[in-house]
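Read through the structure below, which is laid out as structure tokens, and then see the notes.
The values are calculated or read from the model by the stated rules, or taken from the named source; none is laboratory data. Everything numeric here is computed off the predicted structure, so don't read it as measured data. Using ideal geometry, Cβ is built from the backbone for each residue, glycine included, and neighbour counts are taken over all protein chains shown. Quick note on the areas: whole protein, heavy atoms, side chains included, nothing else; ligands and nucleic acids left out. Shrake-Rupley method; radii C 1.70, N 1.55, O 1.52, S 1.80 Å.
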Amino acid sequence: MNSKKTQLAYIIGISILILALFISITYGVKSVGLSDVIDAFIDSNSTDYNVNIVQARIPRSVFGLIAGAALSISGLLMQSITKNPIADPSILGVNTGASLFIVIGITFFNLQSKLSYIGVSFIGAIITALFVYKLASAGYGGPTPIKLAIAGAATSTALSSFVSLIVMPNSSVMTTYRFWQIGSIGGTSFDDIKLVLPFILIGIILSILLSNNLDTILLSEDTATALGLNVNRTKAIAAFSGVLLCATVTALAGPISFVGLMVPHIIRMVLCSNHLHLICLSGIYGASILLISDVLGRILGRPGELETGIMTAIIGGPIFIIIIRKAKVQSL
Amino acid sequence: MNSNTLIAKDIQAGYGQKNILQSVNIHIPENKISVILGSNGSGKSTMLKTFCRLMTPTAGLITLDGTPLSQIKSKDIAKSIGLLPQTSIAPEGIKVAELVSRGRYPHRQFMTGLNKDDYKAIEEAMEAMKITELADRSIDELSGGQRQRVFIALALAQETDILFLDEPTTYLDIAYQIEILDLLKELNKKRGTTIVMVLHDINLSTKYADYLFAMKDGTLIKQGTPSEIITEDTIRKIYGIDSVIIRDPISDSPFVIPVSAHDNYLS
Ligand SMILES: Nc1ncnc2c1ncn2[C@@H]1O[C@H](COP(=O)(O)OP(=O)(O)O)[C@@H](O)[C@H]1O
Ligand SMILES: [Mg+2]
């Protein structure tokens, strides 16, 4: 149903994504041309300077694509299971929870491998998400959008101060952490991509498998149960996937906010509520937004660059305010 | 095989420690329209929820064609028993046809789109509720009566032999109430769907129901045909009010006129 609009959304989305990917590879402190990109693919051992630049940028662009898709789908899942338009990894404080656990791991348990970062990040993220949701559920009316935002902000602030408390006195941790604190996809390598890909794929495949169930869960819980849906199991698997997706990205790139908030929201507004399409389109547009933010960070930050996380916040902040104003009168 | 014999034996159910249903025994009349009457908080919704296994009975047994509900897969139960809950919600901006299509959930295979049977069921459900013309409208643009018909169509698309409806006509004006009840009656006649609903209007209940159940404080205090159980005594027991009962001049069913304290009427 509504298939013309959906098809159009795919065509536009994929075009933007290809364009964003191309710009992300070619544009930078030193810009290169299309021929260099083609050469980089044809001759991987080339010693040409421009070709080498392209080869160095490809991992960053591919990681950005994966991270954007993952964060966006993660936000979508969280919004659907909480029926709350502003649920998102950053709003729920999940990013900060993941940060705190990673910092604790580095400082006190001498964690070194990126795989172990992903592990502790996941644990920190899931604990924080549950805590914030519980906190927002207390009192009259359950977890309303506003209460969720406040609970998330308060928890985030508290957790950030713990992070500072741990990081400040440790200068060695401080240096590593400073880059990581603001989300950035700048320093990523092909090894990083290989590391995160299995986790991201698990998260995305699980959510696609759940798409019929997620469509049903957006009805009232009573209706969903009467339709034969196991509501709690669906929520649990979706929450697992959502947290896995954002925790994996956060472990390597640091907290990148607002992508998961704005992309699914806009797609839902324009295209409504079929989860199979919502998931795919959120992935496509989320990847584009992240790549574009990253490129903008390189343009605006010249001669250096602004971190991706700063750019997504600059773009996403105003959209967040619009959504929360709308959310006062409506829910999902 | 028509799976539509639904029997509850000595069921109890409640919320947390609080027990609401006190040992209810009920055999849902097959292929009939039944109406549950009772004052607010008497446990009508709780009973419907227990039958649709939104709640598990803490004691007793509900069987569908002889098999305990707890031993049937949720999706299979959902192919036999449908529910319109007391309040329904829909995702913002969803189109009518898409919302109705959600009723196909129990029939759908894992990870597949809608098939021919699905589209047929959706179409028939929309026809039965006379909302075919609204198919492409957004649910937010509809009137209360239209919305309610969409949600009933969602339950109809489920193609169940038994349909529970919790206050399908509350908040609707009399024209919409009659419209919805007529549509349900037609459904019952055409397809033999067993319908069980909670209504607050006693006189509409007697007009449409083949069978009435009266609830008070979580127990079933009376059951029978409207003529059998609508008496001044039963009305006093259910609602605690005095009344005079006459005959509806059109359908000849019992018609209840409540007595007000200002009526100066001595019963
Ligand atoms: N979710 C709930 N949690 C706790 N108590 C409830 C809940 N829902 C209903 N009750 C209580 O159960 C009793 C019966 O409620 P209900 O079955 O909804 O009554 P009815 O539908 O007949 O108005 C009431 O006393 C009500 O307060
Ligand atoms: Mg009720």
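If I take all pairs of Cα atoms in the protein assembly as shown, what percentage of them are more than 46 Å from each other? Intermediate results must be reported in sequence, preceding the final value.
Details: 52700 of 179101 pairs.
Here the long-distance tail beyond 46 Å is 29 percent of all Cα pairs in the protein assembly as shown.
Quick check: net charge around B:T46, other residues with Cβ under 15 Å of its Cβ, Lys/Arg +1 and Asp/Glu -1? That works out to +1.
Kindly state, as a whole number, the per residue volume in cubic angstrom of the convex hull around the alpha carbon atoms of chain A. It would help to have the intermediate numbers written out before the result.
Working: hull volume 46.2 nm³, N = 332.
Given the Cα convex hull of chain A, per-residue volume reads 139 Å³.
Over chain B, what is the percentage of antiparallel beta bridges among all DSSP beta bridges, to the nearest 5? Within chain B, antiparallel bridges account for around 55 percent of the total.
The GNM of chain A, with springs linking C-alpha atoms under 10 angstrom apart, assigns the highest mean-square fluctuation among A:S164, A:S121, A:S113 to A:S113.
Solvent-accessible area per residue for region B:1-112 at a 1.4 Å probe radius, Å²? Walk me through the numbers on the way to the answer.
On the way: 4810 Å² over 112 residues.
Each residue of region B:1-112 exposes 43 Å² on average to a 1.4 Å probe.
With a 10 Å radius around each residue's Cβ, average the other Cβ atoms per peptide and rank A:285-291, B:229-235, A:157-163, highest first. Can you show the working numbers first?
Details: A:285-291: 28.0, B:229-235: 18.9, A:157-163: 15.4.
Listed from highest to lowest mean packing, they are A:285-291, B:229-235, A:157-163.
3J(HN,Hα) along region B:53-59: 6, 7, 10, 9, x, 7, 8 Hz, from the Karplus curve 6.51 cos²θ - 1.76 cosθ + 1.60 with θ = phi - 60°, whole Hz, x for Gly and Pro.
Heavy-atom accessible surface, probe 1.4 Å, ligands and DNA/RNA ignored: which residues of region A:240-281 lose at least 30 Å² versus the isolated chain? Buried on complex formation: A:C272, A:S273. Helix-only arithmetic for chain B: the sum of -39500 (n - 2.57) across DSSP H runs with n ≥ 4, divided by the residue total, places the mean residue ellipticity at 222 nm at -9000 deg cm²/dmol. Give me the angle, in degrees from 0 to 90, between the Cα long axis of helix A:94-108 and the longest principal axis of the Cα atoms of chain A, rounded to the nearest 10. Once rounded, one gets 60 degrees. Comparing A:V94, A:V249, A:V270 in a Gaussian network model of chain A, where Cα atoms under 10 Å apart are tied by springs, the biggest mean-square fluctuation is seen for A:V270.
What percentage of the solvent-accessible surface of chain B, computed with a 1.4 Å probe over protein heavy atoms, is contributed by carbon and sulfur atoms?
Values: 6130 of 12370 Å².
After summing per-atom areas, the C and S share lands at 50 percent.
For region B:183-200, putting each phi into the Karplus relation 6.51 cos²θ - 1.76 cosθ + 1.60 with θ = phi - 60° gives couplings of 4, 5, 4, 4, 4, 5, 5, 6, 10, x, 4, 6, 10, 10, 9, 9, 10, 9 Hz, in residue order, rounded to whole numbers and with x for Gly and Pro.
Take each residue of peptide B:106-113, count the partner chain Cβ atoms within 10 Å of its Cβ, and average: the result is 3. Estimated at the nearest 10 Å², the accessible area of A:R302 is 130 Å² with a 1.4 Å probe. Summing +1 for each Lys or Arg and -1 for each Asp or Glu among the other residues whose beta-carbon sits under 14 angstrom from that of B:T219 gives +2.
Sorted by mean Cβ packing within 10 Å, highest first, what order do the peptides B:148-154, B:72-78 take? Walk me through the numbers on the way to the answer.
Details: B:148-154: 26.1, B:72-78: 17.1.
My ranking of the peptides, most packed first, is B:148-154, B:72-78.
Helical runs assigned H by DSSP (4 residues or longer) give chain A a calculated mean residue ellipticity at 222 nm of -26000 deg cm²/dmol, each run adding -39500 (n - 2.57) before division by the residue total.
What does the charge dipole of chain A about its Cα centre add up to, to the nearest 20 debye, if the Cβ of each Lys and Arg holds +1 and the Cβ of each Asp and Glu holds -1? It would help to have the intermediate numbers written out before the result.
On the way: 19 positive and 13 negative charges, 164 e Å.
That gives chain A a dipole magnitude of about 780 debye.
Summary of the geometry: region A:177-227 and region A:257-332, compared by the centres of their Cα atoms, lie 15 Å apart.
What does the buried accessible surface come to for A and B, summed over both chains, with the probe at 1.4 Å? Round to 100 Å².
Details: alone 15400 and 13540 Å², together 26500 Å².
Roughly 2400 Å² of accessible surface disappears when A and B pair.
Across peptide B:86-96, the average count of Cβ atoms from other chains found within 10 Å of a residue's Cβ is 6. Between B:L165 and B:L84, B:V196, B:M197, B:V198, the built amide H atoms are under 5 Å apart, and every one of these is 5 or more places off in sequence or on another chain. Counting only other chain Cβ atoms within 10 Å of each residue's Cβ, the peptide A:209-217 averages 3.
Computing the accessible area with a 1.4 Å probe over protein heavy atoms, can you report the carbon and sulfur percentage for chain A? Each step should come with its number before you reach the end.
Values: 9920 of 14130 Å².
Ligands and nucleic acids excluded, carbon and sulfur reach 70 percent.
Projected onto the charge dipole of region A:3-326 (+1 at Lys/Arg Cβ, -1 at Asp/Glu Cβ, origin at the Cα centre), which of A:S80, A:A224, A:S161 gives the Cα projection farthest towards the positive end? Checked the options; the winner is A:A224.
For chain B, the longest principal axis of the alpha carbon atoms and the long axis of helix B:144-157 meet at an angle near 60°.
Along region B:14-25 the Karplus relation, 6.51 cos²θ - 1.76 cosθ + 1.60 evaluated at θ = phi - 60°, assigns HN-Hα couplings of x, 10, x, 7, 7, 8, 10, 7, 10, 6, 8, 10 Hz to successive residues, with x for each Gly and Pro. The amide H of B:G38, built 1.01 Å from its N in the peptide plane, has B:M215 as neighbours under 5 Å, considering only residues 5 or more places off or on other chains.
Express the accessible area of region A:3-326 per residue in Å², computed with a 1.4 Å probe while the remaining protein chains stay in the model.
42 Å²
Between B:K190, B:K222, B:K49, the residue with the greatest mean-square fluctuation in the GNM of chain B (Cα pairs under 10 Å linked by springs) is B:K190. Counting only DSSP beta bridges whose two residues both lie in the protein assembly as shown, roughly 55 percent are antiparallel.
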